[in-house]
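Peer 1: I'd like to ask you about the structure that follows.
The values are calculated or read from the model by the stated rules, or taken from the named source; none is laboratory data. Everything quoted here is computed from the prediction, not taken from an experiment. Here the Cβ positions follow ideal geometry from the backbone for every residue, glycine too, while neighbour counts run over all protein chains shown.
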Amino acid sequence: MGPHPAVAAIRLAVRRVLHDILNEASRTPAYSPHGGENRTADDSRPAGVVPAPGSPHERPPSPLVLVACSGGADSMALASALAFEAPKLGFRAGGVTVDHGLQPGSDLRAEEVALRLREMGLDPVDSVAVTVGREGGPEAAARDARYAALDAAAARHGATAILLGHTRDDQAETVLLGLARGSGIRSLSGMAAVSGADGRYRRPFLQLDRQTARKACMVQSLPVWDDPHNADPAYTRSRLRHEGLPALEKALGKGVVEALARTAQLSRDDADALDTWARQAAASVRDAAGLLECAKLYALPPAVRRRILRRAAIEAGAPAGSLFARHIEEVDRLITGWRGQGAINLPGKVVAQRQGGRLVIRQG
């Protein structure tokens, strides 16, 4: 008899991601799959002979994949699937748990999670304490601290990738939060299956619901920790999870989560296409001195033009996280609604103004 359907589902999702990593790495000339060494033309030793440590033909270590684990059902299920699948594909599997220090006893909880990961056979396993700042609100500050710790762990161990346990339910919540901000199609695209520097972060569970992960933990007798912050109405995502989404399902019927996740993928495809168009068009709207020409910008579709304006503002020094749709709309009016208005002040002390048919965006 095979594994429980929930266990089979999480393992298949992880297996697919590991295969993706192998396929991407195999396109790199220096790569040899399953941790095997590349044999050079002058390597005449018999097949199967393991080279001595330090020799020119010493076998490189197998690639390492880490799982970010909070101890919750999603990440515990992900860790169990990685521990099962990684050795079969020639990967080493490790884990990282982050102590945000936001609750009493969080350090002990992190050590318990690290112990569980080691019991699964993961190695290396890190328990990392971070200091959460205040910028952007508690949720954003905790996220920033967490990703910084994960990046540092990947660098410390030379990890090829880090797996994150975000599910289809998390994706639906992210789409609704983006919709509430009114930040455009990129916000509606939710979380990418692959993100970060060199595609470091992978999200295998974006097509699986939260209940599947919890069921997989239950049938495998994996202990699960439910973070009280996830039920705290002080947090926007918590209110959305426990009040907003249930209200939508009551009003619209079942299937809202699946529809929102599907919207995320369609939006991401559209946003990626528009970003590519904007990158290709950016050079054609500049003059010989590199200044943006208003007439050429005006001729572009608004979605493409505004992407070019946003990129120009960021290149001039405007922080991407502080540059909102309203800022870009004001700059866009210098092109589409020109009435002699003055300069537009942007975050990061960046100024945009129209001069002689050119749009100048620079530090003020």
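Peer 1: Given the options Ala264, Ala320, name the one that is among the hydrophobic types (A, V, I, L, M, F, W, C), touching a helix residue (DSSP H, G or I) at 6+ places or on another chain (Cβ under 7 Å) and surrounded by fewer than 16 Cβ atoms within 10 Å (Cβ to Cβ).
Peer 2: On the way: Ala264 fails: surrounded by fewer than 16 Cβ atoms within 10 Å (Cβ to Cβ).
The match here is Ala320.
Peer 1: Among the residues of segment 1-20, how many are surrounded by 20 or more Cβ atoms within 10 Å (Cβ to Cβ) and in contact with a strand residue (DSSP E or B) (Cβ under 9 Å, 6 or more places away or on another chain)?
Peer 2: Adding up the residues that qualify gives 3.
Results for (1) crowded, with 16+ Cβ neighbours inside 10 Å; (2) at pLDDT 95 or above, shown as yes or no for each residue.
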| position | (1), (2) |
| --- | --- |
| Gly136 | no, no |
| Ala141 | yes, no |
| Ala145 | yes, no |
| Thr160 | yes, yes |
| Glu173 | yes, no |
| Arg203 | yes, yes |
| Ala216 | yes, yes |
| Ser221 | no, yes |
| Asp226 | no, no |
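A quick yes/no check of all residues on (1) within 24 Å of Leu323 (Cβ to Cβ); (2) in contact (Cβ under 8 Å) with a residue 12 or more places away in the chain; (3) not charged (D, E, K, R):
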residue: Thr167; (1), (2), (3): no, yes, yes
residue: Ala172; (1), (2), (3): no, yes, yes
residue: Gly178; (1), (2), (3): yes, yes, yes
residue: Gly190; (1), (2), (3): yes, yes, yes
residue: Ser195; (1), (2), (3): yes, no, yes
residue: Arg202; (1), (2), (3): no, yes, no
residue: Ala213; (1), (2), (3): no, yes, yes
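Peer 1: Follow-up question, since we're still on this one. Looking at Arg156, is it surrounded by fewer than 18 Cβ atoms within 10 Å (Cβ to Cβ), within 19 Å of Leu64 (Cβ to Cβ) and in the same structural domain as Gly101 (by TED's automatic domain parsing)?
Peer 2: Values: surrounded by fewer than 18 Cβ atoms within 10 Å (Cβ to Cβ): yes; within 19 Å of Leu64 (Cβ to Cβ): yes; in the same structural domain as Gly101 (by TED's automatic domain parsing): yes.
Here the answer is yes, as Arg156 does meet what is asked.
Peer 1: Here's another thing I want to ask about it. Looking at Leu102 and the list (1) under 19 Å from the mean Cα position of the chain (by Cα); (2) surrounded by fewer than 20 Cβ atoms within 10 Å (Cβ to Cβ); (3) among the hydrophobic types (A, V, I, L, M, F, W, C), which single condition is not satisfied?
Peer 2: All conditions pass for Leu102, except number (1).
Peer 1: Criterion first (β-branched (Val, Ile, Thr), within 27 Å of Lys215 (Cα to Cα), at pLDDT 90 or above and assigned by TED's automatic domain parsing to the domain that holds Arg203) does Val128 satisfy it?
Peer 2: On the way: β-branched (Val, Ile, Thr): yes; within 27 Å of Lys215 (Cα to Cα): no; at pLDDT 90 or above: yes; assigned by TED's automatic domain parsing to the domain that holds Arg203: yes.
Criteria not met by Val128.
Peer 1: Which of the helices (runs of 4 or more DSSP H) found entirely inside segment 246-323 contain at least 2 residues meeting this: farther than 22 Å from Trp338 by Cα? Let's see the steps before the verdict.
Peer 2: Numbers: elements: 256-282, 294-298, 302-315.
Result: 256-282, 302-315.
Peer 1: Still on this structure: Within the set of pairs 6+ apart or on separate chains, which have a first residue in segment 85-96 that is surrounded by fewer than 17 Cβ atoms within 10 Å (Cβ to Cβ), a second that is assigned to a helix (DSSP H, G or I), and C-beta atoms under 7 Å apart?
Peer 2: Gly90/Pro33; Gly90/His34; Gly90/Gly35
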